[in-house]
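The values are calculated or read from the model by the stated rules, or taken from the named source; none is laboratory data. Bear in mind the structure is a predicted one, so any value in this text is a computation, not a measurement. Every residue, glycine among them, receives a Cβ derived from its backbone with ideal geometry; neighbour counts consider all protein chains shown. Ligands, DNA and RNA are stripped out before the accessible areas are found, and what is left, the full protein with its side chains, is counted by its heavy atoms. Shrake-Rupley method; radii C 1.70, N 1.55, O 1.52, S 1.80 Å.
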Amino acid sequence: MNRKNQRSGAAAKMNALLPLRPVVFEMLLILNEGEMHGYGLMKELKERSAGRWILGPGTLYRTINKMVSDEMIEPSDTVEPQTAGKQRLYYRITNHGMKTAAAEASRMANLVRTAMDGQLI
Amino acid sequence: MVWDRLPCRPPSILPRLETFVSVTRIYPTMDTSAPKATGENLKSKGLYRLFIRAYPDDFHKKSAEHMEAVFSESLSRARDSGRLHILWLWLTTFFDVLLSAGPERWNSIFGGPNPQRQTGKNKTMTGKLDSFLQDITYAGRMLAKSPTFTVIAAVTIGLGIGATTTIFSVTNTLLLRPLPGVVKPGELFTAHRVSEDESSFHSFGYSTFKALQEGGATVADLAAYTSFGGSVTSDGEPQVLFGLMVSPNYFNILGVQPAEGRLLIPDDDLPTGDPAVVVLGFGTWKAKFAGDPSIVGRTITLNGRSLTVVGVTEEGFSGHTTLGEMGAYVPLLSQMIFRDETVTESRESLSLETVGRKKPGATLEQVSAAMNQISDELGESGGRRSLAGIDIRQFSNVLALASGPISAFMGLLFAVAGLILMIASVNVANMLLSRASARSREIALRQALGAGRLRIIRQLLTESVALFLMGGTMGIVISFWATGLFEKISLPVELPFSFDFSPDYRVMLFTGLLALATGVVFGLAPALKVSNPNLAVALNSDTSGAGSSGSKLRGAFVVSQVAGTALLLVTAGLFLRSLEGAGSVEVGFDSRNVGVADYDTRLNNYTPSQVRVFFDELERSVAAIPSVVSVGAASILPLSTSNSQATISFPDLEQIPDVGLKRTEIAAVSRGYFEAMRIPVLDGRNFGPADVEGGQDVIIINEEMANQMWPGESPVGRHVGFGSRESPLDVEIVGVVRNGKYRSLGEEPRFMTYRSSAQVPVTQMAIVARTTGDGAEAAALIRGAAKSIDPDLPVAMTGSMKEINGIALIPNKIAATIAMLFGSLGLLLASVGLYGVLSYSVGQRTREMGVRMALGAERSDVRNLVVRGGLKLTVTGLVVGLALAFGVTRFMSSLLYGVSPMDPLTFAGITLILTLVAFVASYVPAKRATETDPMQALRNE
């Protein structure tokens, strides 16, 4: 009973996040392929969107912080030395993040299928 | 087409979805090796750090470091790609901060992004904040929607604000920024004797200083100082060092702390100068002694004398004025280290400047009253009627004597920069007006849906302020770059100045306020204009426009731009003509092929006899060089940075009324000087071998003195008195030489007296050599000869005579360059403004043009109509601008040489240039108007 409650609580938390903002979804897709630091994410987003998503550092870290607080991603233990003796902070996707991204992907796939059924595409 | 409405296009999304749902792979992370930090990176990071202070504290603490790193990497990549990318990065960064810091602040105050969740007393507040945030977000979106408009407008404002910010940065460094190490500068004051017209400042003797030190109840303490030039030997090379002789309380009054050892104490200030001690400046310790940690207690050689280092001043402190980085500080009374004089004489021969600290709560007036009372009791001013008493001034970063001219010069540059800002802002106001006019349908729709006029105005103002703030950001970037250029200006002489013009928080604040103020002022008129359209007309019309009053406003904008540009160009033109005129001003000597090297023998502690031997031998050695045509020496060179004056009396003219004491420029020169400088002797003779110490003292005067004092007669053989009327030194005039310019090119003819360097004690002389080669080579020859006589004596100033004279023209060259640069920029902006207005007007009048041509108007009629419109605006602007220039340029007369402030050629030239540019700017849209197809134009309507 308790486990069932927990499961339904997690599902509710995930559903509350849907639909994901496109940029959040894309970031989850990127992190699903491997850990990455802030600048890497910014660059990858730009490349994957053919230059349409150019996030500044402020917007990037607002989004990252929100995703961390929503438990979709978390800082990883990977350490890479950077300039001036500082270290880059890497992020990785959490289980909750993977499930949320999968749910969003399914939602979008359903939408695409509906569009195909209606011979829109 | 449907895919365009989806966040991602299908070809990219579908394969990725499949991959995602089926497998989870870990790819190696991409290579994003960090770029190396550079100085420029550090400056930009500093600016970015300021930007991100806009975020709330918790966000800042969590993410600032990472954001900085991301920005730094983006900047490095942008640098590799060129300047346009850097510009784009700064613009997008500005937007990024604007759009993300606002909501974060909102969240930090109200705990969430949704205002509906708020209840109770916070509701009104949150509602206001929410609509403000909406305004900001909407402004950001609208600006991002038209990137071309945004970039052009931001760059235009950036140029204007950048110019103003750069000038402010320089002013900030010279006059406003508190000097490092100086504590509570508001309590400090300086004391001088001033002449009645406040045109000259005079220093104090030692006994007066000691008396003033007992300044009574209002003065906490008073310190005295005087500067000296020294030579220290470091790495085997003698190097010039500028220092201060100070009373031991000097550091205490300023609040300076030691970085090493201690500063001066009363026991150091011994007349015997034994033990002789020195405190080193932090910069000197680092640069000349490699920051030697065991410097305290070490003995160094200063001017050939051994001194024990007792301490080093704190880092950052480099003296109490911006214009003077001091390398060493020695006690006041140990100054006989630098001069072989008896103590009693040397005390009174000191020319002491003072700096004091008021007691808390005391006013400058109280200090002044106390000081003047002491001075009156001393009876100091009794015999010096020209002096008005003691003048107490608030301590400032530059010496009182220099603060007036510097403030005036910076004021001029500010006015020029302000004009360019005005022209740029008007351009953007014009762009905003056109853009807002084009949006009048959207605005009318919003009003029809219930938006109040105030709300619309606020929205439009938010857009213009955001735009101007972006321009401000650009301006700061430009000023970082421009001030860097200023710091790299090299002068032919080593001066004790080192400037850090880079913008600080004061400059940021200034720029922010300036951007805000200009954003509101120049955004208000367009906002007011378009927020009141005729709803029915605007909603029913496909075409847009703010009507004829909008055209009038646009016309007024162009007129003000042309007027501002005319004023700028006239200023620039006058400065350029003046510089051109400077080359043709008759200076009274020939500086071509002349080299100079100036030696101060006090730097190696020469005795008077050694001085004479050194300079005689140096002149002989230089004269023996085959390429040297003639050689001479002078204690003061004309049109250089130094000058000296003396009082002269005319005993044989006392029967003539009003002939009393006169002031004359004075220099001690050698026999070869007049020939080397090609100054012709017009009457009498040159100094000769018989004019030596112990014989009859002789002088040579210039023709100005001869003509004024003995009109129509020869002054040769007459006697005059040097010094006070009571005990003058009797000297005989043996010759008259041609007039010259001595202090500045613009000066009126003044009295000049030359004494023979063989008859007066000199310690510092500039050797001038005329060669068959150029001046710089001649200077090198002199330095070579001096080195062979005394390798340890450093050269105080060297270069070609042209370079030395050029120093006097530096302010004019800076003013001319800036005025020319800003003038050209103003011309460009004004022509773009004119072009924009006429293009817009042509676009609006397409139907009218079509009707005119359909009714039989020739194409040339239509073209002339448009060109006439443009020229009408230009002529109106020109009339206003030239009238302003007539009024303003007269205040520049002291900076102009050989050209009148009303120079007709300049005024006519500028009128011609502006008219021509305006014609071209009008002709292009006019030509487009003639290409209108009448039928098409009518059909479109």
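Some notes on this structure:
- Scope segment B:781-814; condition part of a helix (DSSP H, G or I), under 27 Å from B:V170 (Cα atoms) and out of contact with any Ser or Thr (no Cβ under 8 Å at 6 or more places or on another chain); matching residues: B:E803, B:G806, B:I810, B:P811, B:K813, B:I814
- So B:L895, is it surrounded by 19 or more Cβ atoms within 10 Å (Cβ to Cβ) and touching a residue at least 12 places away in the same chain (Cβ under 8 Å): yes
- Of residues in segment B:762-781 being of a type in the set (A, V, I, L, M) and within 27 Å of B:N739 (Cβ to Cβ), the one most open to solvent (accessible area, probe 1.4 Å): B:V762
- Tally of residues being aromatic (F, W, Y) and closer than 30 Å to B:V842 by Cβ across segment B:870-920: 1
- Flag not set for B:I804, criterion: in contact (Cβ under 8 Å) with a residue 40 or more places away in the chain, within 30 Å of B:M410 (Cα to Cα) and surrounded by fewer than 22 Cβ atoms within 10 Å (Cβ to Cβ).
- Single residue of segment B:578-609 satisfying the filter (at pLDDT 85 or above and open to solvent by 40 Å² or more (accessible area, probe 1.4 Å)) that is nearest to the chain's Cα centre (by Cα): B:R592
- B:F615, sole failed condition from (1) crowded, with 19+ Cβ neighbours inside 10 Å; (2) at pLDDT 90 or above; (3) assigned to a strand (DSSP E or B): (3)
- Complete set of residues in segment A:5-30 that are among the aliphatic types (A, V, I, L, M) and either at the interface with chain B (Cβ under 7 Å from one of its Cβ atoms) or farther than 24 Å from B:A64 by Cα (or both): A:A10, A:A11, A:A12, A:M14, A:A16, A:L17, A:L18, A:L20, A:L29
- Pairs with Cβ under 8 Å, 6+ apart, first in segment A:97-110 and closer than 17 Å to A:I121 by Cα, second crowded, with 16+ Cβ neighbours inside 10 Å: A:M108/B:I13; A:M108/B:L17; A:A109/B:L17
- When B:L884, B:L855, B:L912 are checked against the criterion of being out of contact with any Asp or Glu (no Cβ under 9 Å at 6 or more places or on another chain), more than 22 Å from B:V562 (Cβ to Cβ) and open to solvent by 60 Å² or more (accessible area, probe 1.4 Å), B:L855 stands alone in meeting it.
- Leading residue by the ranking (most open to solvent (accessible area, probe 1.4 Å)) among those in segment A:31-71 that are facing another protein chain (nearest Cβ under 7 Å), aliphatic (A, V, I, L, M) and under 23 Å from B:Y55 (Cα atoms): A:I54
- Every listed requirement among (1) within 18 Å of B:D135 (Cα to Cα); (2) open to solvent by less than 40 Å² (accessible area, probe 1.4 Å); (3) touching a Ser or Thr at 6+ places or on another chain (Cβ under 6 Å) is met by B:R453 save one, (2).
- Qualifying residue in segment A:83-98 (condition: on the phi > 0 side of the Ramachandran plot, assigned to a helix (DSSP H, G or I) and either facing chain B (nearest Cβ under 9 Å) or at pLDDT below 90 (or both)): yes
- Per this entry, B:T753 is not counted among residues that are of a type in the set (S, T, N, Q) and more than 18 Å from B:M705 (Cβ to Cβ).
- Considering only residues in segment B:280-302 that are within 17 Å of B:P331 (Cα to Cα) and within 34 Å of the chain's Cα centre (by Cα), the one that is surrounded by the most Cβ atoms within 10 Å (Cβ to Cβ) turns out to be B:L280.
- When B:V631 is tested against the conditions (1) part of a strand (DSSP E or B); (2) open to solvent by less than 70 Å² (accessible area, probe 1.4 Å); (3) closer than 18 Å to B:V731 by Cα, the lone failure is (3).
- Cβ pairs under 6 Å, 6+ apart, first in segment B:504-517 and over 14 Å from B:G418 (Cα atoms), second among the small types (G, A, S) and part of a helix (DSSP H, G or I): B:V507/B:S169
- Residue check, A:A101 open to solvent by less than 70 Å² (accessible area, probe 1.4 Å), facing chain B (nearest Cβ under 9 Å) and over 19 Å from B:A69 (Cα atoms): yes
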